[in-house]
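So the structure is just underneath, and the comments pick up after that.
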Amino acid sequence: MTVATIAPSIQITSSAPQAVWKLFIATAALFILVVAASAQPTPSEHPGDPQARVIDGVSNTTVFGMGQSIRITGTVKEGAIAFGGDVIVEGSVNGDVAAIGGSVIQRENARIGGDVIVLGGIYHHGKAAPDRDPKSVTIMYAGYEDQLRQVMRDPFSLLHPQLSAVFLGTRFLAVLIWFVISIALVAVMPNTIGRAVTRLQLTSVRVALIGFLGSVAITAGVIGSLWVLPEIVGAAVSLMALLLAVVATVFGRVVIFAATGQWLQRRLVPRLRSESVILLIGVTFWIILSSLPYVWPFVQAGLLVASLGLALTARYRIGWKKAKPADA
């Protein structure tokens with residue numbers, strides 16, 4: 001079993017082809033790493049959750065821990081996963097073991113036959129080599145365990161984020177990052193951004209409709225490819241769809257920021273002529289709007305749909321402008 005370190009807080013151990021859903025988890029962990037400020041260190045000893053639900057005897061199905069930890073002292077013939085808790089293996093698990101917002105702890109003389117996936121916690125197996133299948137895969141992202149645990153145990157807390165120094169700091173950082181991206185993209189392709197801003201201002205409903213239909217088609221295509229096509233082909237289609245979504249998000253958001261900044265400038269400070277300040281106004285407006293409790297999911301969804309619509313119509317230069325009625 002070979003170990004390749006991708007980043008300080010992400011490790012992938014692999015000697016066999018990965019399943020598509022594991023690839024998606026690894027990709028999500030990489031995106032989380034971009035905004036992660038620090039990672040949790042791995043302690044030499046991990047006691048686990050003392051109030052974990054005990055699974056003894058023989059279980060023929062997958063064991064779930066919803067908002068709690070599970071301690072496996074018997075034999076689980078399928079897999080085990082905990083949302084917002086730890087998975088403590090003291091017996092045997094024939095399938096995969098995963099923890100989101102928790103850790104996977106494998107005690108001595110315990111066995112895990114499948115893969116180990118940890119998001120937010122650590123995979124701890126003591127000093128001795130764990131009893132694992134040599135073809136198994138280990139994916140681990142160690143960071144923000146407390147936050148992920150809270151989200152897994154109380155999903156509705158995402159709708160009303162708490163006002164704190166960390167919350168304000170991340171929003172300020174988001175404004176700074178998107179402002180820099182917007183400045184760079186406008187400087188590289190000013191004509192393309194200008195045409196897209198005009199297109200959004202003239203036919204915003206049509207752009208949104210195309211973005212919605214495109215998102216539905218892409219989602220159905222990805223699901224269909226994963227269901228029908230071979231695994232490697234489905235993974236390739238999924239990665240291309242993910243790349244399209246990332247590019248569309250960056251391009252579309254910059255266009256929306258610029259259009260919003262121009263709209264606010266005309267109504268609030270008509271004498272302002274600085275393009276940089278106009279972009280900053282647009283970025284700040286949308287970051288604030290996407291931080292409001294209970295509103296931000298709809299804002300993010302709207303930005304995604306509009307961004308995809310702008311990306312899918314980027315090649316159009318003529319035919320989007322509404323025809324003006326002839327003078328009588």
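Residue pairs whose Cβ atoms lie under 6 Å apart, separated by 6 or more positions or on different chains, with the first residue in region 126-152 and more than 21 Å from Ser69 (Cα to Cα) and the second modelled with pLDDT under 80 and surrounded by 15 or more Cβ atoms within 10 Å (Cβ to Cβ), are Val137/Ser14; Val137/Gln18.
Is it the case that region 199-219 has a residue that's β-branched (Val, Ile, Thr), more than 17 Å from Ser307 (Cβ to Cβ) and modelled with pLDDT of 90 or more? For region 199-219, residues β-branched (Val, Ile, Thr), more than 17 Å from Ser307 (Cβ to Cβ) and modelled with pLDDT of 90 or more: absent. So, of the residues in region 271-293 that are under 19 Å from the mean Cα position of the chain (by Cα) and part of a loop (DSSP other than H, G, I, E, B), which turns out to be farthest from Ala208 (Cα to Cα)? The qualifying residue farthest from Ala208 (Cα to Cα) is Ser291.
What about Ser103, is it among the hydroxyl-bearing types (Ser, Thr, Tyr), touching a residue at least 24 places away in the same chain (Cβ under 8 Å) and under 25 Å from Val58 (Cβ atoms)?
yes
Selection of region 219-255 for residues being under 17 Å from Gln300 (Cβ atoms), without any contact (Cβ under 8 Å) to a residue 60 or more places away in the chain and in contact with a helix residue (DSSP H, G or I) (Cβ under 6 Å, 6 or more places away or on another chain) yields Thr249, Gly252.
Okay, residues lined up against (1) surrounded by 15 or more Cβ atoms within 10 Å (Cβ to Cβ); (2) under 21 Å from the mean Cα position of the chain (by Cα); (3) within 17 Å of Gly309 (Cβ to Cβ):
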site	(1), (2), (3)
Val222	yes, yes, no
Leu226	yes, yes, no
Leu229	no, no, no
Val237	yes, yes, no
Ala248	yes, yes, yes
Phe251	yes, yes, yes
Val255	yes, no, yes
Trp263	yes, no, no
Leu268	no, no, no
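Inspect all residues belonging to region 161-177 and state whether any of them is within 29 Å of Gly95 (Cα to Cα), among the hydroxyl-bearing types (Ser, Thr, Tyr) and in a helix (DSSP H, G or I). No: zero hits. Among the residues of region 166-173, is any modelled with pLDDT of 85 or more, buried (at least 22 other Cβ atoms within 10 Å of the Cβ) and on the phi < 0 side of the Ramachandran plot? Scanning region 166-173, I find no residue that is modelled with pLDDT of 85 or more, buried (at least 22 other Cβ atoms within 10 Å of the Cβ) and on the phi < 0 side of the Ramachandran plot, so the answer is no.
Answer yes or no: is there a residue in region 190-203 that is under 29 Å from Pro293 (Cβ atoms), over 25 Å from the mean Cα position of the chain (by Cα) and either of a type in the set (A, V, I, L, M) or outside any helix (DSSP H, G or I) (or both).
Going residue by residue through region 190-203, those that are under 29 Å from Pro293 (Cβ atoms) are 200.
Filter again for over 25 Å from the mean Cα position of the chain (by Cα), leaving 200.
The next check asks that each one be either of a type in the set (A, V, I, L, M) or outside any helix (DSSP H, G or I) (or both); those that pass are 200.
Yes, region 190-203 contains at least one residue that is under 29 Å from Pro293 (Cβ atoms), over 25 Å from the mean Cα position of the chain (by Cα) and either of a type in the set (A, V, I, L, M) or outside any helix (DSSP H, G or I) (or both).
The values are calculated or read from the model by the stated rules, or taken from the named source; none is laboratory data. These numbers were taken from a predicted model, which means no experiment stands behind them. Cβ coordinates were reconstructed from backbone atoms using ideal geometry, including for glycine residues, and neighbour counts include every protein chain displayed.
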